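Here's the structure, in structure tokens; my notes come after.
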Amino acid sequence: MTDQSPEKSEGAQAFPDSFDLEGEFARSNVQAVLEKLDRELVGLAPVKQRIREIAALLLVDKARRSMGLETGAPTLHMSFTGNPGTGKTTVALRMAEILKNLGYVRQGHLISVTRDDLVGQYIGHTAPKTREVIKKAMGGVLFIDEAYYLYKPENERDYGAEAIEILLQVMENQRDDLVVILAGYANRMEVFFQSNPGFRSRIAHHIDFPDYSEKELMSIAQLMVDAQHYVLTPEAQKVLRDYIPRRMKMPHFANARSMRNALDRAKLRQANRLFGRKDRTNLTRHDLTTIEAEDLLQSRVFQV
Amino acid sequence: MHENPRNMTQGQFSFLPPLTDDQIKAQIAYAIKQGFAVSVEFTDDPHPRNTYWEMWCQPMFDTKDPAAVMLEVNECRKTWGANHYIKVQAFDNARWRESVAMSFIVNRPKYEPGLALARQEGPGRSIHYTVHSYATDKPRGERYK
Amino acid sequence: MATPTGAKKELKGADRYKAGVLEYKVMGYWQPDYVPKDTDVIALFRITPQPGVEADEAAAAVAGESSTATWTVVWTDRLTAADLYRAKAYRVDKVPNSPDQYFAYIAYDMDLFEPDSIANLTASIIGNVFGFKAVKALRLEDMRIPVAYLKTFQGPPTGVMVERERLDKYGRPLLGATTKPKLGLSGRNYGRVVYEALKGGLDFTKDDENINSQPFMHWRDRFLYCMEAVNRASAATAEVKGHYLNVTAGTVEQMYERAEFAKELGSVIIMIDLVLGYTAIQSISKWARKNDMILHLHRAGNSTYSRQKNHGMNFRVICKWMRMAGVDHIHAGTVVGKLEGDPLMVKGFYDTLLQPHTPVAPELGLFFKQEWASLGKCMPVASGGIHLGQMHQLLHYLGEDVILQFGGGTIGHPDGIQAGAEANRVALESMVQARNEGVDYLAKGPEILAKAAKSCKPLQHGLDTWKNISFNYESTDTPDFTPQVTPAR
């Protein structure tokens, strides 16, 4: 027998003449994912707007297909550009969820890799390595961070080209099976796309992740503090507000990630402070949750 | 008289029209759902007791999606498809089975010469039989040309 | 029993062994407080006592007569550790919906039995006791064999998984057919049927139970022609093929001679009939293990004692004994075919043959938890009045580890034997494919077959010929427990 798949019936198919977009949207649970994203990530209004637009496009696409309007398999590969710590991985995770809910990928998992996961050091190692990664990501989303490192024009015998070739093939031929998201700094991605036009033409959605403002970074820090059951004293809050613009000017600033690091170090100092106390036999709940100004002030940011 | 046109009917689905890629994927999805490890093997010698076909890759123990297996099937077809048999196998490691659970052909060589039967007569009308694959008359690489 | 003594409790010491006749109950064969040991063999009997005989006395009598007792007290018991050797009836239940019948549980110490001997086990359990006057009728329903005793048996010489590996056939039921007509074909004509069926797509063909060495076809002739057919078919299909060569004969020596010849010719499988007797079955099983031969058993004769509900023995006990004695295939019912087979009862047989352990499941007729102690799996064979139009039901009820035998359904095909075989194979493969694709194949079976028939004319003709054939007779051997309670008749 040639064809048993139940969805493909023979002969002319009767198409419905209406589509319940509202109902389909409710059933897909996409709203819940968007709300989760709102809770998880402060600000990023333009990014969230783009995600909403993509979700809408995919829903309408589904509606069109249900009425037999030929749309062709949509290209879903994306590029996420922006500085470190701007929420690219988190958005990618939610994107995978949305794609799964709308039926564009089967499993909805996210595999996050960098050049080292794809490219081997010796001849013949790259293809199997890349294939192994692609196999793991099949049915979900493959997130390649700092994708431009795949391409090293200065090295003639770089094996990255092999990985690129395989990736391009899969991105073209197995669009139903895998969505690829390339991520990295905006300017370097631009250079990368110029030298690898194959990638640019296969990418449907470019999303730019802006840096956070001082105010947004403060909210992010506050969210993190709350989530970990700590409290900043009013003085500590003031110090943190002062800390943010100083840190932003320093090298290796990484937006939300820098805030997390700053808080992690403050927690360390708090623990140290508590341990050094003479009356450490009866610590209160208050003691254990409070981060004081001094816990932040010892940062090297204030020493320069 | 009616005669089956195929001369190599190993595997679960050899009497059906060749499986489409979607049908192959559906079988692989079933295997993955059962917790089987799927593998791809190829050979140019269809002898019924040729147990050890070449392994195209390791059995895929942790694969979640049929497209991953399909990728290997297609790679194997690209390299060997013109003149080799390729089969997909699923291995079940559950106690009391610990063996192959599924096996079906996903690629055939363009020309299939089949097998010959050689008879060696012995005393008392007894005959010793040898089943012999025509393809193996030539060295590897020159078969099925 | 006659001459009751009036005593109600078990007697001990000198009173117990005074010459004379005692109730079995007071002789120690009824022990309601007894807790069976893990190493005990337990038997469950369905007892129909004679009018006036109490159920516990009847149970004690069965325990007595199947172990140490004779009709009168013997002093020589006192030279033994008699308490150990006495079987103990320890529980009697009323059979649901059958007022005159009781289930009696009887425990036997393992030392009552010779290791690795079905003959010895059965000589006790079903030896004298079935003719015993105190019971009007008696049926052995089930047995619990302790792991320690099971470990003395070889079990199936090959086992399902090794058989599949040898045949290189996985993920689907196997297909077979019995050569027909049963009697009268010459060796040459007989081999023709084998060749056509195997080349057409079956995995196995089979001698019938009464094909041994008769005037119309002597065994050597049959073996030679069949192996020509098997090897031709194998070369034509690149598949391993087999024909169950029936080696049943008048003496065990002749059987060995035939088995050796089958081996010499390169057959992968031989066959025996259940009427050989348990000892001969164990002998040929050991030969089969030694010679890498799959051993097929045809259950010829079993219905003589397994079919009626009140007397004889349940077939599931035969299944247990045969898995112990060691056969690789055994006919175990079809559910939908022409021979006896309630669906739940058949499931009980299949589980007994295939599972590593079976829990208590009264609805399947399994009264005991049974651990199979790593004995191999025995492949059930479904044979008798089944056809390709039932493929969805067969796959649903019988599963994947089964041999579906379409004798008439292959040889009786309007386009010939090869076409019949191909039709069966296409029907089977399309059904397995649909099942794996997640289609509700039981409900959509006819649709799936009709679709497959579009690219397979023989299947279409087969469906046209047999689509309305079914055997809807009521079963006589049915479960006593829900969901389907039927009174015994």
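The values are calculated or read from the model by the stated rules, or taken from the named source; none is laboratory data. Given the structure is predicted, the values throughout are model-derived calculations rather than measurements. Using ideal geometry, Cβ is built from the backbone for each residue, glycine included, and neighbour counts are taken over all protein chains shown.
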Given the conditions (1) within 13 Å of chain A (Cβ to nearest Cβ); (2) over 16 Å from the mean Cα position of the chain (by Cα), every one holds for B:Glu72 apart from (2)
TODO: Please indicate, with yes or no, whether at least one residue in the stretch B:53-63 is touching a His at 6+ places or on another chain (Cβ under 9 Å), closer than 18 Å to A:Val133 by Cα and either more than 13 Å from chain A (Cβ to nearest Cβ) or outside any strand (DSSP E or B) (or both).
DONE: no
Filtering the stretch C:215-242 for residues that are within 11 Å of another protein chain (Cβ to nearest Cβ) and not aliphatic (A, V, I, L, M) leaves a count of 11
The condition of being within 30 Å of C:Lys320 (Cα to Cα), touching a residue at least 40 places away in the same chain (Cβ under 8 Å) and either within 14 Å of another protein chain (Cβ to nearest Cβ) or not small (Gly, Ala, Ser) (or both) holds, among C:Val268, C:Val252, C:Val247, only for C:Val268
By residue number, the members of the stretch B:82-108 that are within 13 Å of chain C (Cβ to nearest Cβ) and either outside any strand (DSSP E or B) or touching a Pro at 6+ places or on another chain (Cβ under 7 Å) (or both) are B:Tyr85, B:Phe91, B:Asn93, B:Ala94, B:Arg95, B:Trp96, B:Arg97, B:Glu98, B:Arg108
For strands (runs of 3 or more DSSP E) lying entirely in the stretch C:110-222, having 1 or more residues that are surrounded by fewer than 21 Cβ atoms within 10 Å (Cβ to Cβ) and either at pLDDT below 95 or not aliphatic (A, V, I, L, M) (or both) picks out C:135-144
Of the listed residues (C:Arg435, C:Arg425), the one being within 18 Å of C:Lys199 (Cβ to Cβ) and within 13 Å of another protein chain (Cβ to nearest Cβ) is C:Arg425
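Here is a yes/no grid of residues against (1) within 14 Å of another protein chain (Cβ to nearest Cβ); (2) surrounded by 18 or more Cβ atoms within 10 Å (Cβ to Cβ); (3) in contact with a Gly (Cβ under 7 Å, 6 or more places away or on another chain):
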site	(1), (2), (3)
A:Gly184	no, yes, no
A:Pro197	no, no, no
A:Arg241	no, no, no
A:Ala254	no, no, yes
A:Ala262	no, yes, no
Just one listed residue, out of B:Thr130, B:Thr79, is within 12 Å of another protein chain (Cβ to nearest Cβ), within 20 Å of the chain's Cα centre (by Cα) and either at pLDDT 90 or above or surrounded by 19 or more Cβ atoms within 10 Å (Cβ to Cβ) (or both), and it is B:Thr79
Reported set for the stretch C:256-273 where residues are surrounded by 21 or more Cβ atoms within 10 Å (Cβ to Cβ) and either among the small types (Gly, Ala, Ser) or more than 20 Å from C:Tyr190 (Cβ to Cβ) (or both) is C:Ala259, C:Ala262, C:Ser267
For C:Pro343, the lone unmet condition from (1) buried (at least 24 other Cβ atoms within 10 Å of the Cβ); (2) touching a helix residue (DSSP H, G or I) at 6+ places or on another chain (Cβ under 9 Å); (3) more than 30 Å from C:Lys37 (Cα to Cα) is (1)
Does B:Ala94 count as among the aliphatic types (A, V, I, L, M) and farther than 29 Å from C:Lys454 by Cα?
yes
Considering the stretch B:109-127, residues that are surrounded by fewer than 20 Cβ atoms within 10 Å (Cβ to Cβ) and either more than 12 Å from chain C (Cβ to nearest Cβ) or of a type in the set (Phe, Trp, Tyr) (or both), and then whichever is farthest from C:Asp221 (Cα to Cα), we arrive at B:Lys110
By residue number, the members of the stretch C:382-404 that are out of contact with any Phe, Trp or Tyr (no Cβ under 8 Å at 6 or more places or on another chain) and outside any loop (DSSP other than H, G, I, E, B) are C:Ala382, C:Ser383, C:Gln390, C:Met391, C:Gln393, C:Leu394, C:Tyr397, C:Leu404
The one condition A:Gly103 fails out of (1) at pLDDT below 95; (2) buried (at least 21 other Cβ atoms within 10 Å of the Cβ); (3) more than 14 Å from every other protein chain (Cβ to nearest Cβ) is (2)
Subset of the stretch C:284-315, residues more than 26 Å from C:Val162 (Cβ to Cβ), surrounded by fewer than 17 Cβ atoms within 10 Å (Cβ to Cβ), out of contact with any strand residue (DSSP E or B) (no Cβ under 6 Å at 6 or more places or on another chain) and in contact (Cβ under 8 Å) with a residue 40 or more places away in the chain, comes to C:Arg307, C:Gln308
Just one listed residue, out of A:Gly124, A:Gly139, is in a loop (DSSP other than H, G, I, E, B) and within 13 Å of another protein chain (Cβ to nearest Cβ), and it is A:Gly139
Selection from the stretch C:300-346 of residues out of contact with any Cys (no Cβ under 9 Å at 6 or more places or on another chain), in a loop (DSSP other than H, G, I, E, B) and within 21 Å of C:Met143 (Cα to Cα) yields C:Gly301, C:Asn302, C:Arg307, C:Gln308, C:Lys309, C:Asn310, C:His311, C:Asn314, C:Gly333, C:Gly341, C:Asp342
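What helices (runs of 4 or more DSSP H) completely inside the stretch A:204-304 contain at least 2 residues that are more than 30 Å from A:Leu58 (Cα to Cα), out of contact with any strand residue (DSSP E or B) (no Cβ under 6 Å at 6 or more places or on another chain) and of a type in the set (A, V, I, L, M)?
It comes to A:214-227, A:234-249, A:255-275, A:293-297.
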All conditions in (1) at pLDDT 90 or above; (2) over 18 Å from C:Trp321 (Cα atoms); (3) surrounded by fewer than 22 Cβ atoms within 10 Å (Cβ to Cβ) are true of C:Ala82 except (1)
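When only residues in the stretch B:1-52 that are under 25 Å from B:Arg95 (Cβ atoms) and in a loop (DSSP other than H, G, I, E, B) count, which is farthest from the other protein chains (Cβ to nearest Cβ)?
My answer is B:Gly35.
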Looking at the structure I just gave you, is A:Ile134 at negative phi, at the interface with another protein chain (Cβ under 10 Å from one of its Cβ atoms) and not in a loop (DSSP other than H, G, I, E, B)? yes
